[in-house]
């Protein structure tokens, strides 16, 4: 006769499973450090020219290589592997489906001060490249206020957006504003999801992680998983 463990023991089992998942994640990360990784040129231009046209060109040239933290004169190159982000993070948080690196309060784009982070979803390999750095700029009216402030700030600095797709939702503006130049795009997004949420991101136009995600979804569909099971 099989004995069912007491209910009191179940939290311990759950805790052990969680601990095992964390250990496996850490092992995969450690193993990934043995793989070879490539870096883009980490040279950059700073301080910028006082001429507005020349400054604009210098900032776009820097952005093709990575994101420059002007307060530290540190450029974070695009395609830096996830397994190297601990070297530049201020804090790190591992949860069920993601690892988040908080890069701290930094100054970018000729003086804009923000709080930036990088997210890695658990299904992405540790050797995959960082392709986006983002900032949660707030919720509801405060978020929308910063959304419009950044629109004006970036337009003055880098020129008119290459894409504007906005709509009114009650008293809120939601949608997307985007600037694109060669390899890089800067994106402001406002969405409605229980409340109104606003985000600012800078990243590569060609996102290798998005391509990896799409391929993974295709592979899972081939194995006959439904859209509902995939969370679509």
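Of the candidates 189, 205, 184, the single residue that is closer than 26 Å to residue 130 by Cβ, at pLDDT 95 or above and loosely packed, with under 14 Cβ neighbours inside 10 Å is 205. Per the conditions (1) more than 22 Å from residue 59 (Cα to Cα); (2) touching a strand residue (DSSP E or B) at 6+ places or on another chain (Cβ under 8 Å), the sole criterion not satisfied by residue 84 is (2). Scanning region 166-183 for residues that are assigned to a strand (DSSP E or B) and farther than 25 Å from residue 139 by Cβ turns up 180, 181.
The values are calculated or read from the model by the stated rules, or taken from the named source; none is laboratory data. This one's a predicted model, so the numbers in the text were calculated from it and none came from an experiment. No Cβ is skipped: glycine too gets one built from the backbone with ideal geometry, and neighbour counts run over all protein chains shown.
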